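The values are calculated or read from the model by the stated rules, or taken from the named source; none is laboratory data. These numbers come from a predicted model, not from an experiment. Cβ placement follows ideal geometry from the backbone for every residue including glycine, while neighbour counts extend to all protein chains displayed. The accessibility values were calculated without ligands, DNA or RNA, using every heavy atom of the protein model including side chains. Shrake-Rupley method; radii C 1.70, N 1.55, O 1.52, S 1.80 Å.
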Amino acid sequence: MNESFISYIWFNRLYIPVQRTLLGEIVEIVSPGIPNHDSGPDAFNAKLRIDGHFWAGNVEFHVRASDWHRHHHDSDPAYQNVILHVVLEADEQIFTESGSPIPTVALDYPSFIRSNYDNLITSPFGCCSRLSEISRINVTSWLEHLLVERLELRAENIDYILNETTNDWDEALYVLYARSLGSSVNSDAMQQLALSMPLRLLRHYSDRPADLRAMLLGQAGLIQRLPDSFDKPLLEREYAFLRNKYSLTAPAADFKFCRMRPAAFPTARIVALADSIPDLPSVPDLVGNPERLSAYSPLSLINCFLPLLFHYATTHNLPALQDHIIDMFHTLPAERNRITRNFSEYGIKASSAAESQALIHLQKTRCLSHDCLRCRFAHMLLSKDRNPR
């Protein structure tokens, strides 16, 4: 158990409204205040009545009361005006530097919440047997939130790419498209390759497919890994000429071939990237003509075009385009993989790419790390008494 659990109980008001301090004072919690995510006490502007006297101020959380000393709060001026010390184990009465006791409560909350929490964190899917208790409207609402959260998280990599490409959205689209072709195994390597070979340079050779292949495969160091049906000596000569002409520096990309079908080999994906260059659309064109997206596969839309356009709409204040992108996620088929199959077995079957993306995000950001306290599903189950008297 940790301070996050105390914070969860406190700010979700799952405690018993009236508490008692170590010194016997009665504490009525009028308002838990607001969370502090920076340095200093954990809650600001809480409102309490302690033995009938109204107090407003800061609250600090600890697993044990003695953690006050271990965290060196006894010598920190920021903690001298704390109006309440909330702990799980009240092993010590804490005093200010002037010797005044700080009201300390061992947080009292319904015992079923602790039991529910212990059951949830026993495995990455500790809630699996109870997901059917959550209504479909609540499932839909949480998945919609998770989809947007996933798009916002993907925006961090898009911003990195934009920074590397001097804020060129077309270059960013090309890099992200290359990344999407690499799938999960070679996505980082494909991104490094694309960043090392700018789109503006490749477009000079849009009518010369052999040169496009030579430049990208040569940069990746994979010409010799091609099947014998390719003219590898010719590609090597073309790449050597173009590398010298443009002073190209190959990236330190680690491409993987193990345990994948030939169609998924990085050589095949790089050939596909090279062949797509002449027809790769510009971002302004897609913004004005989103129907052009229908030419691309659902996976390319999910992993490249839609996340980039959503971020473009966010940064350019285009709410109608944001809504359109979300709607497109709902029209695309759900992805079928181990994560979505697991959730389907537990009673939540993804009906669209919007929901499959949300479930993938939920698994990666909450379930695997047992971060149940940031999951709305867990919140609904934690606060439910399965054995009411």
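Which of the residues that make up the stretch 91-135 are small (G, A, S) and either on the phi > 0 side of the Ramachandran plot or modelled with pLDDT under 95 (or both)? Within the stretch 91-135, S98, G99, S100, S111, S115, S123, G126, S129, S132, S135 qualify. When the stretch 78-102 is filtered for residues that are surrounded by fewer than 19 Cβ atoms within 10 Å (Cβ to Cβ), part of a strand (DSSP E or B) and either in contact with a Lys or Arg (Cβ under 9 Å, 6 or more places away or on another chain) or of a type in the set (S, T, Y) (or both), only E89 remains. If I filter the stretch 205-223 for residues that are within 18 Å of L301 (Cβ to Cβ), at pLDDT 95 or above and surrounded by fewer than 19 Cβ atoms within 10 Å (Cβ to Cβ), do I get at least one hit? Looking through the stretch 205-223, none of the residues is within 18 Å of L301 (Cβ to Cβ), at pLDDT 95 or above and surrounded by fewer than 19 Cβ atoms within 10 Å (Cβ to Cβ). Can you find a residue that is surrounded by fewer than 19 Cβ atoms within 10 Å (Cβ to Cβ), assigned to a loop (DSSP other than H, G, I, E, B), at positive phi and among the charged types (D, E, K, R) anywhere in the stretch 61-77? Taking every residue of the stretch 61-77 in turn, none turns out to be surrounded by fewer than 19 Cβ atoms within 10 Å (Cβ to Cβ), assigned to a loop (DSSP other than H, G, I, E, B), at positive phi and among the charged types (D, E, K, R). From the list E97, E92, the one residue that fits, being over 22 Å from V18 (Cβ atoms), of a type in the set (D, E) and in contact with a His (Cβ under 9 Å, 6 or more places away or on another chain), is E92. Selection of the stretch 295-317 for residues being open to solvent by 60 Å² or more (accessible area, probe 1.4 Å) and farther than 21 Å from A178 by Cβ yields T314, T315, H316, N317. Kindly indicate whether A189 is within 16 Å of K256 (Cβ to Cβ) and modelled with pLDDT of 95 or more. Yes: the conditions hold for A189. Within the stretch 259-288, the set of residues being under 16 Å from P227 (Cα atoms), more than 27 Å from the chain's Cα centre (by Cα) and not in a helix (DSSP H, G or I) comprises R261, F265. Candidates are the residues of the stretch 319-341 that are among the charged types (D, E, K, R) and not in a helix (DSSP H, G or I); the one that is surrounded by the fewest Cβ atoms within 10 Å (Cβ to Cβ) is R336.
Does L234 qualify as being at pLDDT below 95 and assigned to a helix (DSSP H, G or I)? Answer is no for this residue. Candidates E133, E164, E156: the one that is surrounded by fewer than 20 Cβ atoms within 10 Å (Cβ to Cβ) and touching a residue at least 60 places away in the same chain (Cβ under 8 Å) is E133. Filtered by the rule that a residue be free of Cβ contacts under 8 Å to residues at least 40 places away in the same chain and either among the small types (G, A, S) or touching a Gly at 6+ places or on another chain (Cβ under 6 Å) (or both), the stretch 209-231 gives A210, A214, G218, G221, S229.
Among residues of the stretch 342-362 being at pLDDT below 95 and assigned to a helix (DSSP H, G or I), the one that is surrounded by the most Cβ atoms within 10 Å (Cβ to Cβ) is F343. When you scan the stretch 33-49, do you find a residue that is surrounded by fewer than 16 Cβ atoms within 10 Å (Cβ to Cβ), charged (D, E, K, R), in contact (Cβ under 8 Å) with a residue 24 or more places away in the chain and within 28 Å of K384 (Cβ to Cβ), even just one? Among the residues of the stretch 33-49, not one is surrounded by fewer than 16 Cβ atoms within 10 Å (Cβ to Cβ), charged (D, E, K, R), in contact (Cβ under 8 Å) with a residue 24 or more places away in the chain and within 28 Å of K384 (Cβ to Cβ), which makes the answer no.
Going by what's in this entry, would A56 be described as within 21 Å of R114 (Cβ to Cβ), open to solvent by less than 80 Å² (accessible area, probe 1.4 Å) and at pLDDT 95 or above? Answer is no for this residue.
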